[in-house]
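One structure below.
Values quoted throughout were computed directly from the atomic coordinates according to the rules given, and no laboratory measurement underlies them. The structure displayed is predicted, hence computed values, not measured ones. Reconstructed Cβ throughout: ideal geometry from the backbone, glycine too, with neighbour counts over all protein chains shown.
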């Protein structure tokens, strides 16, 4: 288990932040922001969420590889990735539901 009770005694905090950061970065690279998802949910919900899922799969692969390589920080790496993935999934789900419930026009014309 990561030693979060002893600050400065190891680099679990760094590993946690790097793992969380890579999840955010990969999802951002794979798809639009939650704001774009909300604004254009009525027109592109399926496509937008497909790319969120693809980003999560990619992020999980990177976190798994990092955990395998850096076994000393495995728990912190996995914890950071899992927390970030959960937050991002919840953000996109909220954006999707809010966008579908909104009567506001999107930003795209077809």
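Among (1) touching a residue at least 60 places away in the same chain (Cβ under 8 Å); (2) surrounded by fewer than 19 Cβ atoms within 10 Å (Cβ to Cβ), there is one condition residue 38 misses while meeting the rest; what is its number?
Tallying (1) touching a residue at least 60 places away in the same chain (Cβ under 8 Å); (2) surrounded by fewer than 19 Cβ atoms within 10 Å (Cβ to Cβ), residue 38 fails exactly one: (2).
Do any residues in region 55-75 that are in contact (Cβ under 8 Å) with a residue 40 or more places away in the chain have Cβ atoms under 6 Å from those of residues that are surrounded by fewer than 19 Cβ atoms within 10 Å (Cβ to Cβ) and not in a helix (DSSP H, G or I), where the two are at least six apart or on different chains, and which pairs are they?
75/1; 75/2
Only residues that are in contact with a helix residue (DSSP H, G or I) (Cβ under 8 Å, 6 or more places away or on another chain) and within 15 Å of residue 20 (Cβ to Cβ): list them for region 83-95, please.
Answer for region 83-95, where residues must be in contact with a helix residue (DSSP H, G or I) (Cβ under 8 Å, 6 or more places away or on another chain) and within 15 Å of residue 20 (Cβ to Cβ): 83, 84, 85, 88, 89, 91.
Specify the residue that is surrounded by the fewest Cβ atoms within 10 Å (Cβ to Cβ); the eligible residues are those in region 53-69 that are in contact with a helix residue (DSSP H, G or I) (Cβ under 6 Å, 6 or more places away or on another chain) and under 18 Å from residue 40 (Cβ atoms).
Among those residues, the one meeting the criterion is 54.
Does residue 72 satisfy being surrounded by fewer than 14 Cβ atoms within 10 Å (Cβ to Cβ) and either under 22 Å from residue 11 (Cβ atoms) or under 10 Å from the mean Cα position of the chain (by Cα) (or both)?
When the stated conditions are applied, residue 72 passes them.
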